[in-house]
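Nothing in this text is a laboratory measurement; each read-out follows from the coordinates by a stated rule. All of these numbers come straight from a predicted model, not from anything done at the bench.
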Amino acid sequence: MAKGKKKRYGVLLFDEPISIVDPHTGEVKQANRMLVPYGYKDSDFCKVYYHTVQKLADLPKSCQKVMDWCFENMDTENKVYILNQRKLAENVGLAYKTVRNAISNLLKQGFLKKLENGLYMVNPALACKVDNPKDLWIQFIDKETFEQFVENAVNGRL
């Protein structure tokens, strides 16, 4: 940034205050707005659902760091490339073995789905970079399971 120029921010207001857990202290704080730097594009943002915040807070710190990295690096189809787990470990400040274990844990708990070697998908129930994640669901779970989920939701059996 050029000397003397101040960074400009916009304010995004929430309809209701939300509880946010401070990752450093564990203190729960109420937020009713968020500062957003001007110049960000829609593609720079990831929609993280409210219930995800608590689910992430319950994860070990290593899993939280890996998920944060995934949220930042996933594309609009919720796909994220983790071609080199050693580089990911360097990026998030963890040991390689810790990252390997974190990814394994995230796969078991349904936060991530492995599509092929080095390619993963973030669960669209947690976060997405599109307005309507319906099509992402069909990629994350098989079509029959998705259709059964929709039928149960429509008929109030969830």
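Given the pairs K29/K97; K29/K87; K108/K129, which span a C-alpha to C-alpha distance of over 31 angstrom in this model?
Long pairs (Cα-Cα over 31 Å): K29/K97; K29/K87.
Could you derive backbone 3J(HN,Hα) for region 81-91 from the dihedral phi with the Karplus parameters 6.51, -1.76 and 1.60 (θ = phi - 60°), listing whole Hz in sequence and x where the residue is Gly or Pro?
9, 10, 7, 9, 5, 5, 5, 4, 4, 5, 5
Near the amide H of K47, under 5 Å away, which other amide H atoms are found, from residues 5 or more places off or on another chain, if H is placed in the peptide plane?
Excluding prolines and chain starts, which carry no amide H, the hits are C128, K129, V130.
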